[in-house]
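Report on the structure given below.
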Amino acid sequence: MSGQSGAFDLSELKRRAAWRAVELVDSGTVVGLGHGTTAAFAIERIGERLRSGKLADVLCVPCSEEVARRAERLGVPLTTLDANPSIDITIDGADEVDPWLNLIKGGGGALLREKVVAVASAREIIVIDSSKLSPRLGTRFALPVEVIPFAWTVESVALERLGAHVLRRGGSDPFLTDQRNYILDCDFGLIEEPADLAARLDARPGIAAHGLFVGLATDLFVATDEGVAHYRQGDALPEPPSLVPPC
């Protein structure tokens with residue numbers, strides 16, 4: 001299976017992969033709705049299947065306020081984690097995926113809620129196009145870290161001591177998450193031991209969440225021009241696309 005895409009634009013590839021993932025959603029289930037462009041196609045497809053009668057009695061937990069508004073516009077019934085603390089299946093995207101199905105997520109700024117929903121899910125379905133595949137996390141994407149405003153400076157210093165080049169997203173007018181926290185984009189270079197770095201970040205009191213999703217993804221749908229492939233934990237993933245040297 002080729003890792004490249006050319007005949008179809010990325011939006012079309014994302015749509016195809018998201019639609020395949022929605023085939024795993026059954027009537028009567030609780031579904032987590034991820035944040036981002038890929039997950040948006042899944043929301044649209046769920047709405048279509050509900051209106052056509054192919055799905056029924058589905059309740060969805062949105063990972064962001066933006067996702068909640070989109071789902072409501074499309075007539076997708078929403079619920080909360082308070083009412084449904086156990087989620088059957090979540091469909092979400094990722095910014096980067098390594099060969100062991102570890103992820104970097106949070107480019108859209110919803111990483112805290114996305115991680116809460118992922119941990120609450122029996123099945124975490126990740127949907128990507130092949131450009132998101134990497135031999136190691138950190139190859140293509142900096143790691144988003146969500147910090148409470150009170151601690152953003154001290155956590156920036158701590159992150160730099162861990163080896164990151166740190167930028168506050170939005171600069172002097174920082175990006176605010178739905179939880180009213182800040183996002184720091186942290187370039188660690190290649191992340192050789194994601195679980196170790198995740199543990200170090202989890203130990204910092206001012207860090208509300210980070211974008212390392214280690215051991216949470218159960219399924220991966222990858223779209224290329226040749227079609228959509230479905231992988232599970234333990235499957236051999238396709239080779240990542242060739243890397244373009246940084247400018």
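Among the conditions (1) more than 16 Å from ASP95 (Cα to Cα); (2) not assigned by TED's automatic domain parsing to the domain that holds GLU96, PRO194 misses just one, which is (1).
Which one is nearest to VAL67 (Cα to Cα), of the residues in segment 99-140 that are of a type in the set (D, E, K, R) and surrounded by fewer than 21 Cβ atoms within 10 Å (Cβ to Cβ)?
Keep residues of segment 99-140 that are of a type in the set (D, E, K, R), which gives 105, 113-115, 123-124, 129, 132, 136, 140.
Next cut, surrounded by fewer than 21 Cβ atoms within 10 Å (Cβ to Cβ) only: 123, 136, 140.
Numbers: ARG123: 19, ARG136: 29, ARG140: 26 Å.
Across segment 99-140, the extreme among qualifying residues is ARG123.
Test VAL166 against the criterion of being in contact (Cβ under 8 Å) with a residue 40 or more places away in the chain and hydrophobic (A, V, I, L, M, F, W, C), and give yes or no. Even if it seems obvious, please write down each step before you answer.
On the way: in contact (Cβ under 8 Å) with a residue 40 or more places away in the chain: no; hydrophobic (A, V, I, L, M, F, W, C): yes.
No, not satisfied.
From the list VAL76, VAL31, pick out the single residue that is over 23 Å from THR139 (Cβ atoms), without any contact (Cβ under 8 Å) to a residue 60 or more places away in the chain and in the same structural domain as GLU124 (by TED's automatic domain parsing).
Values: VAL31 fails: without any contact (Cβ under 8 Å) to a residue 60 or more places away in the chain.
Testing whether each residue is over 23 Å from THR139 (Cβ atoms), without any contact (Cβ under 8 Å) to a residue 60 or more places away in the chain and in the same structural domain as GLU124 (by TED's automatic domain parsing) leaves just VAL76.
The conditions of being more than 30 Å from THR224 (Cα to Cα), outside the structural domain of VAL25 (by TED's automatic domain parsing) and either touching a residue at least 12 places away in the same chain (Cβ under 8 Å) or among the hydroxyl-bearing types (Ser, Thr, Tyr) (or both) are met by ASP178.
The values are calculated or read from the model by the stated rules, or taken from the named source; none is laboratory data. Keep in mind that this is a model prediction, so the values were computed, not measured. Don't worry about glycine lacking a Cβ; one is built from the backbone with ideal geometry, like all the others, and counts go over all protein chains shown.
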